[in-house]
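The structure appears right after this line, and notes come after that.
The values are calculated or read from the model by the stated rules, or taken from the named source; none is laboratory data. Owing to the predicted nature of the structure, the values given are computational and were not obtained by experimental measurement. Neighbour counts are summed over all protein chains in view; Cβ atoms, including those assigned to glycine, are modelled from backbone coordinates with ideal geometry.
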Ligand code: FE
Ligand code: FE
Ligand code: ZN
């Protein structure tokens, strides 16, 4: 089964997002846990939540993929900013926990000159504190693979693995089903992983370094830049340098099937509808 969807606006509530997904033949969706322009997180209303649960079940949705706000930097230099990021993550997770099977992905952060090693350490400390604060957490937290733009950490599978390992060490326990990875095709391509020529090799590398069991969601994007450019500019499917063929191979890869695929391509409703149709037609099962 191809599970695919895109980022939707939370402004009309959760049932409205599921309805919007169904209207374009999507069976998952992503949403920001907080308005990107700031403001308080709205709580989920009970009636809205119940309608959402019913729709998710009836239409056999894959897990939804919530996205943390871009504004939080878990490895900021300033302690106050890290505290802010931690509290925001805890607040976000209280919200996603209301949705059964919800995934929550976040950008591991920018080390802003402190060096990747320090960045990795700070983000791991923050994650360990979040998990310690939420012993009953149901949501699975996903580290997004990054393009390595500026001082981003998480630009190699090895860095992502270090964040996982250090978090588990600091927390003093394994987080197998609570801490995973969201692989963004534009980001890993920009990070230097050539999924157009060597998808099998890249997945082998991921498996060896992190373990495919940790891979819980995909962001499916083409890239405006060359492999290894460390730029992070998304293109529509088939209109970038990764190309349609390679992205069709991604959705059809036996190791990736059944994961939720989230489009983060520069589109509006009609564009997403077309991309979903294109990819459904190219899906082989
Ligand atoms: Fe992201
Ligand atoms: Fe992404
Ligand atoms: Zn991106």
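Among the residues of the range 260-275, those identified as out of contact with any helix residue (DSSP H, G or I) (no Cβ under 9 Å at 6 or more places or on another chain), surrounded by 15 or more Cβ atoms within 10 Å (Cβ to Cβ) and over 13 Å from residue 238 (Cβ atoms) are 260, 262, 272.
Among the candidates 166, 175, 137, 142, which residue alone is assigned to a helix (DSSP H, G or I), modelled with pLDDT of 95 or more and buried (at least 17 other Cβ atoms within 10 Å of the Cβ)?
Details: 175 fails: assigned to a helix (DSSP H, G or I); 137 fails: assigned to a helix (DSSP H, G or I); 142 fails: assigned to a helix (DSSP H, G or I).
Only one candidate qualifies: 166.
How do the pairs read when you match residues in the range 170-187 that are in contact (Cβ under 8 Å) with a residue 40 or more places away in the chain and closer than 10 Å to residue 216 by Cβ with residues anywhere that are within 12 Å of ligand 1 (Cβ to nearest atom) and assigned to a strand (DSSP E or B), using Cβ under 6 Å and keeping only pairs 6 or more apart or on different chains? From residues that are in contact (Cβ under 8 Å) with a residue 40 or more places away in the chain and closer than 10 Å to residue 216 by Cβ, the pairs are 180/142; 182/105; 182/142; 182/144; 182/217. If you go through the range 257-275 and keep only what is in a strand (DSSP E or B) and more than 19 Å from residue 19 (Cα to Cα), you end up with nothing. Scanning the range 99-131 for residues that are in a loop (DSSP other than H, G, I, E, B) and touching a helix residue (DSSP H, G or I) at 6+ places or on another chain (Cβ under 6 Å), we see that the one that is surrounded by the fewest Cβ atoms within 10 Å (Cβ to Cβ) is 102.
Residues that are within 16 Å of ligand 2 (Cβ to nearest atom) and either within 30 Å of residue 2 (Cα to Cα) or not in a loop (DSSP other than H, G, I, E, B) (or both) within the range 64-88 comprise 64, 65, 66, 67, 68, 69, 70, listed in sequence order. Among the residues of the range 237-248, those identified as surrounded by fewer than 18 Cβ atoms within 10 Å (Cβ to Cβ) and within 16 Å of ligand 3 (Cβ to nearest atom) are 239, 241.
For the range 181-256, list the helices (runs of 4 or more DSSP H) that sit wholly inside it and hold at least 2 residues that are under 19 Å from residue 160 (Cβ atoms) and away from ligand 2 (no atom under 16 Å from the Cβ); which are they?
On the way: elements: 185-190, 199-209, 244-252.
Output list reads 199-209.
Residues that are in contact with a helix residue (DSSP H, G or I) (Cβ under 6 Å, 6 or more places away or on another chain) and closer than 18 Å to residue 72 by Cβ within the range 148-178 comprise 153, 154, 163, 167, listed in sequence order. The single condition from (1) surrounded by fewer than 18 Cβ atoms within 10 Å (Cβ to Cβ); (2) within 17 Å of the chain's Cα centre (by Cα) that residue 284 fails is (2).
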